[in-house]
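Reviewing the structure listed below.
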Amino acid sequence: MEQIPHSDALPSGTGVTSNPKQAIQHLTARTAEIGGGITVARLLPSRQRRMIGAWCFLDHAGPAVFAPGGGLRVGPHPHTGLQTFTWMLAGEVLHRDSLGHEQMIRPGQVNLMTAGYGIAHTEESPASETRAHAAQLWIALPAGHTDIAPAFDHYPELPRWQENHCQFTLLAGMYCGKIAPANIYSPLLGMDLLSAHGAELTLPLDPTFEYGVLPLEGRADVAGMALAVDELAYLPSGYDALHLKLAAGTRALLIGGEPFADQVTLWWNFVGRDRAYIAQAQRDWAAKSPRFGEVKGFDGPRLTAPELP
Ligand code: MN
């Protein structure tokens, strides 16, 4: 562990080169069922932390193994005010949406669905599939963009490079001069780090960003904080470097962004500015409004929103 000269005001053992105001936080996941015997570890939102930059939802799904015909089978459901961001690690999942897109996502690829004013979609494992492992995140749309037209983008090719025994894949945003193709509306970062034999890295950070590091496989050490799978280290803004150790066989997700300035209400699959917006979205979905359209080709019932408290 690198020791960096620091004043007494700094949290001990953090190994940072900037002058952060706050210590790194350790967050644990809660588990949720998404059907098909697939368990997800949910890191965001949590009691301790609602968002990291514009990232407002983070599920680590699987790794799950199932018999052919099993797996993911999420019926038609709506979204508003957000982008869903899928980073596939193992297995394939078929996406269909109310704009008419039908897209298989494969390991190493990103799907980005912009809900904006409203969209509906389904996600299912193909009949022959026996595995599922993915990170699914939501990105809150900033004020002025919450009600944009819906869209769907598939990114089969991403910036990927090797450095210090670690394979970097840039999922979203910019990093060290590289630019990910994902069409986003806030300053943010998503990056996958994979090390077969272990790595020790000092990653430059943007001090205006807050960050989260989450091992998806293996284990990591973030500035002296040990992390197992589904344990997230949260770094408040102010850090300009991150000292990171990855054990052999570790895959970790690094997300970050400018602390989100706008009010965000999250309920079921909706993001909106307030309760009235969410309530209207609920009514529109229940009424089968053209706001969300119809997903064609999925054999199964549409999902029903739970009642607002
Ligand atoms: Mn969805």
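Brief remarks follow.
- Of 166, 176, the residue with the largest accessible area leads and the full order is 176, 166 (1.4 Å probe).
- Lys-Lys pairs in the chain that are eight or more residues apart or on separate chains and whose Cα atoms lie under 30 Å of each other come to 4.
- Between 52, 255, 184, the Gaussian network model of the chain with springs among Cα atoms under 10 angstrom shows the greatest mean-square fluctuation at 184.
- Exposed-site-free run, longest, the chain (rule: trypsin sites (Lys or Arg not before Pro); DSSP loop; at most 13 other C-beta within 10 Å): 48-287
- For GluC sites (Glu not before Pro), the sites in the range 217-309 that DSSP calls loop and that have at most 10 other Cβ atoms within 10 Å are 307.
- Shape of the range 75-221, Cα gyration tensor, a/c cut at 1.5: oblate
- Once the Cα atoms are used to define both axes, helix 275-286 deviates from the longest principal axis of the chain by about 40 degrees.
- Checking every one of the GluC sites (Glu not before Pro) in the range 77-182 against DSSP loop status and a limit of 16 other Cβ atoms within 10 Å picks out 157.
- The slack between residue 263 and residue 67, meaning 0.36 nm per residue of separation minus the straight C-alpha distance, is 66.3 nm.
- Cα radius of gyration and Dmax for the chain (Å): 19.3, 62
- Length gained when the stretch residue 196-residue 162 is fully extended (0.36 nm per residue, less Cα-Cα span): 11.1 nm
- For the pair the range 40-101 / the range 119-165, the C-alpha centres are spaced 8 Å from each other.
The values are calculated or read from the model by the stated rules, or taken from the named source; none is laboratory data. These figures come from a predicted structure and were not determined experimentally. Cβ sites come from the backbone with ideal geometry, for glycine too, and all protein chains shown count toward neighbours. Surface areas here come from the heavy atoms of the whole protein model, side chains and all, with no ligands, DNA or RNA. Shrake-Rupley method; radii C 1.70, N 1.55, O 1.52, S 1.80 Å.
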